[in-house]
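A.B. asks: There's a structure below that I have some questions on.
The values are calculated or read from the model by the stated rules, or taken from the named source; none is laboratory data. These numbers come from a predicted model, not from an experiment. Note that we place each Cβ from the backbone using ideal geometry, even for glycine, and neighbour counts take in every protein chain shown.
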Amino acid sequence: MKTILIPIFHGHIARNILRTGVLPELAKQANIMLVVPDFKKELYIKEFRSEQVSIASAPTIKFSKLERFFRSFYYYFVDTETVKIVQQEQFILGNRKFRYLWSRMWTNIFGHTKVLRQVIRWFDGLLVKDIIFTQIFNRYKPDLVFIPSLTSDDEGLVLRQAKARHIPTIGMFRSWDTVTVNKGNLRVFPDKIIVHTELLQGDVMKYTDCPKDKIEVVGMSHFDYYLTDKRIPREVFFKQIGGNLDKRTIYFMPIGLSDIDEDKYMLGLLEGWVRSDPDFVNTQLVLSTHPNATKPIDYAAPETLMIKFPGVINFPGGKPTDREIIKGDMEMMASAIYHSDVVVNYQGTTSIDVSAFDKPVVNIAFDAHEGKLYLKSVRRFYDFTHYQPIIHSGGVRLAHSADELKKEILEYLKHPERDKKGRERLVREQTFKYDGKASERTAHTILSLLK
């Protein structure tokens, strides 16, 4: 069998590729070499190693001054409303107005001048070389390299090494917001690119200068198990979390930022209604922590049902993006959505998850304190470019005040079928084909480059 080398440097990539049907499908026709951070090697060996799957430690990565110099240009390659808001957060809030004007000037120049982007990429490709992964390639001699997060600086070095050796390459963008938020732009082009949706395909074409014929739309592999796996039975689920299976259930997903004032306030509102408002009789509240939260939730009322994710693995000294979410916790969240009547959250990917189960979604679009600066307010999230199709789908309701939040929740509890067509449109646009076969399509596209 031929060998496919896959670097895995982000916890969500492990969820999207390794804990879905993608890895098993690839292993049917090729040997797989996973290159992972050394501190995760034992975890991956225990969970994924098999006759066809091997795991190797990545070398220590240290970027050269030249690499960092060229990287700095790419932050100006995308000019979206999201990028503008993020630049304002970074510089205006820090009283660095000149730095903001400087960044806007270069964003306006590079973001709208393709030839300049091409010149930077040409010099970047000519001058920046990888020597860090030389031994990995010499030892394992891959026939194909799959880059699951094309904007990752670490994985970019692997891609450079593969291109220098003329090894076929294929890559994908980790998330639906990667391009328009500009989490680092595409510096080196693989032979083929995989994307989740046609919306993301359009973003890649518009903002990375990639031609359409190099892009394959495959769907969301990590949504397959919503259709292919069974949920935890209702009686078992509510017994696990100490709930009542006969009560209506509101599932609150906190924002998960380091500033917990917003979550405290919103949770207090919901708890107060469930506890004493006659309109919420026979209703219970479920709460879960955000996987990337930096602080525990220790302010919930005793009667609030808490879903804990014990399988979210933290690593000493690691970043939130290093965290691993195991399959059991993926299923716990899926079952929590499945058994809920209404989900209350903020702007984010979970609006897609919830809609995939055809459950009503209310987005919180107001702050705990009136008059909060826009750049510190949750309101700004709803101006992000990638979230506009969600809003326009008609599949979610935005609550701009506590009164609106209460009204929307009660309306959904009475009429859960409301906005069903909007949720169907949302799922269709954000998952491409919601048929449980995205993993199969992803693997097939990757394997098509094996010669």
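A.B. asks: For the stretch 339-351, give me each residue that is crowded, with 23+ Cβ neighbours inside 10 Å and in a helix (DSSP H, G or I).
C.D. replies: SER351
A.B. asks: Now a separate question. In the stretch 297-320, what residues are at pLDDT below 80 and not in a loop (DSSP other than H, G, I, E, B)?
C.D. replies: Listed by number, the residues that qualify are ILE313, PRO320.
A.B. asks: Out of all the residues in the stretch 22-44, which are closer than 24 Å to GLY219 by Cα and among the β-branched types (Val, Ile, Thr)?
C.D. replies: VAL22, ILE32
A.B. asks: So which pairs qualify, if the first residue must be in the stretch 411-438 and on the phi > 0 side of the Ramachandran plot and buried (at least 16 other Cβ atoms within 10 Å of the Cβ), the second must be of a type in the set (A, V, I, L, M) and in a helix (DSSP H, G or I), the Cβ gap must be under 7 Å, and the two must be at least 6 apart or on different chains?
C.D. replies: Sorted first by the residue in the stretch 411-438, then by its partner, the pairs are GLY436/LEU227.
A.B. asks: Can you tell me which of PHE73, PHE9, PHE39, PHE69 is assigned by TED's automatic domain parsing to the domain that holds ILE194 and assigned to a helix (DSSP H, G or I)?
C.D. replies: PHE39
A.B. asks: Where in the stretch 376-451 are there helices (runs of 4 or more DSSP H), lying fully within it, with 1 or more residues that are modelled with pLDDT of 95 or more and farther than 24 Å from GLY171 by Cβ?
C.D. replies: By residue number, 388-393, 402-414, 420-431.
A.B. asks: Is there a residue in the stretch 82-101 that is assigned by TED's automatic domain parsing to the domain that holds VAL35 and either farther than 30 Å from LEU26 by Cα or acidic (Asp, Glu) (or both)?
C.D. replies: no
A.B. asks: Right, another one. Looking only at the stretch 15-23, decide whether some residue is at pLDDT 95 or above, surrounded by fewer than 17 Cβ atoms within 10 Å (Cβ to Cβ) and part of a helix (DSSP H, G or I).
C.D. replies: No, every residue in the stretch 15-23 fails to be at pLDDT 95 or above, surrounded by fewer than 17 Cβ atoms within 10 Å (Cβ to Cβ) and part of a helix (DSSP H, G or I).
A.B. asks: Run down SER149, SER175 and say which single residue is crowded, with 22+ Cβ neighbours inside 10 Å and small (Gly, Ala, Ser).
C.D. replies: Exactly one residue qualifies, and that residue is SER149.
A.B. asks: At pLDDT 95 or above, surrounded by fewer than 17 Cβ atoms within 10 Å (Cβ to Cβ), among the polar types (S, T, N, Q) and under 13 Å from ILE8 (Cα atoms): does that describe SER50?
C.D. replies: Working: at pLDDT 95 or above: yes; surrounded by fewer than 17 Cβ atoms within 10 Å (Cβ to Cβ): yes; among the polar types (S, T, N, Q): yes; under 13 Å from ILE8 (Cα atoms): no.
No.
A.B. asks: Now for a different question. Those residues that are under 27 Å from GLN88 (Cα atoms) and within 27 Å of the chain's Cα centre (by Cα), I need them from the stretch 113-153; list them, please.
C.D. replies: Result: ARG117, ARG121, SER149, LEU150, THR151, SER152, ASP153.
A.B. asks: Moving to a separate point now. With respect to ASP279, is the statement that it is of a type in the set (D, E, K, R), in the same structural domain as ILE364 (by TED's automatic domain parsing) and over 27 Å from the mean Cα position of the chain (by Cα) true?
C.D. replies: On the way: of a type in the set (D, E, K, R): yes; in the same structural domain as ILE364 (by TED's automatic domain parsing): yes; over 27 Å from the mean Cα position of the chain (by Cα): yes.
Yes, satisfied.
A.B. asks: Looking at (1) assigned to a loop (DSSP other than H, G, I, E, B); (2) within 16 Å of PHE9 (Cα to Cα); (3) not aliphatic (A, V, I, L, M), which is the one condition that is false for HIS166?
C.D. replies: (2)
A.B. asks: Same structure, new question: Do any helices (runs of 4 or more DSSP H) lying entirely in the stretch 206-293 carry at least 2 residues that are among the small types (Gly, Ala, Ser), and which ones are they?
C.D. replies: 261-276
A.B. asks: Can you name the residue in the stretch 53-62 that is in a loop (DSSP other than H, G, I, E, B) and within 25 Å of the chain's Cα centre (by Cα) and, of all such residues, is surrounded by the most Cβ atoms within 10 Å (Cβ to Cβ)? So that I can check it myself, show each step before the final result.
C.D. replies: As a first pass, look at the stretch 53-62 and keep what is in a loop (DSSP other than H, G, I, E, B): 58-62.
Restricting the remaining residues to those that are within 25 Å of the chain's Cα centre (by Cα) gives 58, 61.
Details: ALA58: 22, ILE61: 14.
Across the stretch 53-62, the extreme among qualifying residues is ALA58.
A.B. asks: Kindly check whether there is at least one residue in the stretch 220-228 that is under 30 Å from ILE307 (Cα atoms) and in contact with a strand residue (DSSP E or B) (Cβ under 6 Å, 6 or more places away or on another chain).
C.D. replies: no
This table checks each residue for (1) surrounded by 15 or more Cβ atoms within 10 Å (Cβ to Cβ); (2) farther than 23 Å from ASN138 by Cα.
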{"site": "LYS2", "(1), (2)": "no, no"}
{"site": "PRO7", "(1), (2)": "yes, no"}
{"site": "ILE13", "(1), (2)": "yes, yes"}
{"site": "MET33", "(1), (2)": "yes, no"}
{"site": "LEU66", "(1), (2)": "no, yes"}
{"site": "PHE70", "(1), (2)": "yes, yes"}
{"site": "VAL78", "(1), (2)": "yes, yes"}
{"site": "ILE92", "(1), (2)": "yes, yes"}
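A.B. asks: Quick one: what pairs do we get from the stretch 36-65, first residue in contact (Cβ under 8 Å) with a residue 40 or more places away in the chain and within 23 Å of MET1 (Cβ to Cβ), second surrounded by 13 or more Cβ atoms within 10 Å (Cβ to Cβ) and of a type in the set (S, T, N, Q), C-beta under 7 Å, 6+ apart or different chains?
C.D. replies: If the second residue must be surrounded by 13 or more Cβ atoms within 10 Å (Cβ to Cβ) and of a type in the set (S, T, N, Q), the pairs left are GLN52/ASN31.
A.B. asks: For the stretch 154-177, does any single residue satisfy the condition of being touching a residue at least 40 places away in the same chain (Cβ under 8 Å) and either basic (Lys, Arg) or outside the structural domain of GLN29 (by TED's automatic domain parsing) (or both)?
C.D. replies: The answer is yes, given that some residue of the stretch 154-177 is touching a residue at least 40 places away in the same chain (Cβ under 8 Å) and either basic (Lys, Arg) or outside the structural domain of GLN29 (by TED's automatic domain parsing) (or both).
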